[in-house]
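First the structure, in the form of structure tokens, and then the observations on it.
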Amino acid sequence: MKRRSFLTRLGAAGTLGAIGGLSAPAILTGTGRAWAQSGEIPVGLLFSLTGEVAVVERTLHDAAQLAIEEINAAGGVNDRLLKVHVEDPASDPATYADRARRLFIRDNCVSVFGSYTSASRQAVLPVVEQRKGLYWYPTLYEGRECSRNIMYGGAVPNQQQQEFVPWLVKNFGGKFYLLGNNYVYPKEENNVCKMLLGQLGGEVLHEEYVPLGHSDFSSVINRIRATGPSVIFSTLVGDSDVAFARQYHAAGFDPEKMPVASLTRSEVEVAAIGGEAAAGHLSSAPYYMGYQSPENERFVEAYKARYGADQVTHFVSEAAYFQVYQFKAALEKLDPAAVTAEAIRDAAVGVTLKAPQGEILVDPNLHTHLWPKIARWKSDGQAEILVQSAERIAPEPYWAYPGETCTGEGLVRG
């Protein structure tokens, strides 16, 4: 449903980061003393290892686990090792909340890293806020959220669409067919797309939503053939994206003339689609496995060495990886006896790290400054980067809603 790192030690302005999560409850002020005395720092991983989203979430678990292992191999944080507590929420939102409470209360985790979908994040949110904890969420999402208890590592709409939609209109034309799954993320992203198209003089020929897991796109293919759009703007996720891509290819459409432009398709989906069917289509994301940087070369090499030469990295697994290092950099600023979720959060603000995608920064609004990239998929399953932002882009989770702003003090209206 929603998406998927280096061996050198990092400082607050070091090289790379990934991990985060929940803090302790009423005993919050004793958290630092507890792990300072034990010599270990308890952290939680809350990614589904079973169920329908496990195909993606396991890769996020693996990337976060890799970062933890690297940090521990280098001596830990302030000479203390990270002790991992793993829970499997089994792709069920209610179970995410229950397992978050367990990590937060029973295991006394100073942070929890987890989840892929907005539904799972929103299920955990009241638990984290009630317990005054800290949750590190690596996935791109629709914005319109401003919690002081969540560290957001993924792209928000302005970091994916601000350059992408104008580029699509310039290169292919402004007649868009909007196709997504029927839940909050596609609808909010399409609201942003429609706003941009209105500014550019484009038009929406058709807007359509299908259930999660939907696999028969024959009627959609017929409507596309009848309406003749210049771009199919896709927010399909998981199995639906795979099924549609294969049926689009079988229908004989030409991506050079009418590409699928996706906000959600990564190396994971492309591997499932097959290189021939995926080739020629487009995605917008801050990270691709083939991006050339020393940090990314180390990340990919380490990931393959740990999990298998046939495994792929992608723009959510990269965030799951770098968030652990952001957590590490924040902890290194703190007195071990004075660690709380609030202290970790405040110490993380302003942290810069050289992530695989480029140097990133934690904004006061707890979202991350990222490097948008537009890429075309190749038949070998990798992406050819066509456009990269000239500078990292600040996150604006309420970008399409000018009356609201997420700040370091929380949501401001007016």
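The values are calculated or read from the model by the stated rules, or taken from the named source; none is laboratory data. Quick caveat: nothing in here was measured; it's all calculated off a predicted structure. Methodologically, a virtual Cβ is constructed for each residue, glycine included, from the backbone with ideal geometry; neighbour enumeration extends over all protein chains shown. Note: areas computed on protein heavy atoms with side chains; ligands, DNA, RNA excluded. Shrake-Rupley method; radii C 1.70, N 1.55, O 1.52, S 1.80 Å.
Residues of region 332-359 that are buried (at least 24 other Cβ atoms within 10 Å of the Cβ) and modelled with pLDDT of 95 or more: ILE344, ALA348, VAL351, LEU353, ALA355, PRO356, GLN357. If the condition is being of a type in the set (D, E, K, R) and within 14 Å of ALA261 (Cβ to Cβ), then region 167-221 contributes LYS170, LYS175, GLU189. Within region 292-350, the set of residues being β-branched (Val, Ile, Thr) and outside any helix (DSSP H, G or I) comprises VAL312, THR313, VAL316, VAL339, THR340, VAL349. When residues in region 168-180 are screened for being of a type in the set (A, V, I, L, M, F, W, C) and either at pLDDT below 95 or out of contact with any Lys or Arg (no Cβ under 9 Å at 6 or more places or on another chain) (or both), 3 of them pass. Does region 181-206 hold any residues that are in contact with a Lys or Arg (Cβ under 8 Å, 6 or more places away or on another chain) and either farther than 19 Å from TYR401 by Cβ or open to solvent by 60 Å² or more (accessible area, probe 1.4 Å) (or both), and which are they? Those that are in contact with a Lys or Arg (Cβ under 8 Å, 6 or more places away or on another chain) and either farther than 19 Å from TYR401 by Cβ or open to solvent by 60 Å² or more (accessible area, probe 1.4 Å) (or both): GLY202, GLU203, VAL204, LEU205, HIS206. Annotation note: of LYS132, LYS175, the sole residue that is charged (D, E, K, R), over 16 Å from the mean Cα position of the chain (by Cα) and within 30 Å of VAL84 (Cα to Cα) is LYS132.
Could you tell me which of the residues SER23, SER48 is in a loop (DSSP other than H, G, I, E, B), farther than 16 Å from HIS314 by Cβ, modelled with pLDDT of 50 or more and open to solvent by less than 10 Å² (accessible area, probe 1.4 Å)? The conditions single out SER48. Does GLY143 qualify as being of a type in the set (Gly, Ala, Ser) and surrounded by fewer than 22 Cβ atoms within 10 Å (Cβ to Cβ)? When the stated conditions are applied, GLY143 does not pass them. For region 254-268, indicate whether the set of residues that are open to solvent by less than 40 Å² (accessible area, probe 1.4 Å), out of contact with any strand residue (DSSP E or B) (no Cβ under 9 Å at 6 or more places or on another chain) and at pLDDT 95 or above is non-empty. Taking every residue of region 254-268 in turn, none turns out to be open to solvent by less than 40 Å² (accessible area, probe 1.4 Å), out of contact with any strand residue (DSSP E or B) (no Cβ under 9 Å at 6 or more places or on another chain) and at pLDDT 95 or above. Provide a single number: the residues in region 204-246 that are out of contact with any Cys (no Cβ under 9 Å at 6 or more places or on another chain), closer than 20 Å to GLU267 by Cα and among the aromatic types (Phe, Trp, Tyr). Residues that pass the stated criteria total 1.
Just one of TYR288, TYR307 is touching a His at 6+ places or on another chain (Cβ under 9 Å) and either at pLDDT 95 or above or buried (at least 24 other Cβ atoms within 10 Å of the Cβ) (or both); which is it? Answer to the check: TYR288.
Of the residues making up region 151-175, just one is surrounded by fewer than 24 Cβ atoms within 10 Å (Cβ to Cβ) and assigned to a strand (DSSP E or B), namely LYS175. Can you tell me which of VAL128, VAL112, VAL53 is in contact with a helix residue (DSSP H, G or I) (Cβ under 6 Å, 6 or more places away or on another chain) and surrounded by 24 or more Cβ atoms within 10 Å (Cβ to Cβ)? Checking each option against the conditions leaves just VAL112. Across region 203-213, a minimum of one residue is classified as among the aliphatic types (A, V, I, L, M) and not in a strand (DSSP E or B). Please tell me if TYR116 is at pLDDT below 95, under 25 Å from PHE299 (Cα atoms), part of a loop (DSSP other than H, G, I, E, B) and not basic (Lys, Arg). Taking the combined requirement at face value, the residue satisfies it. Among the conditions (1) touching a Leu at 6+ places or on another chain (Cβ under 7 Å); (2) buried (at least 18 other Cβ atoms within 10 Å of the Cβ); (3) farther than 22 Å from VAL316 by Cα, the only one that ASN72 does not satisfy is (2). Here TYR401 passes the criteria (1) at pLDDT 95 or above; (2) open to solvent by 40 Å² or more (accessible area, probe 1.4 Å); (3) in a loop (DSSP other than H, G, I, E, B) except the one numbered (1).
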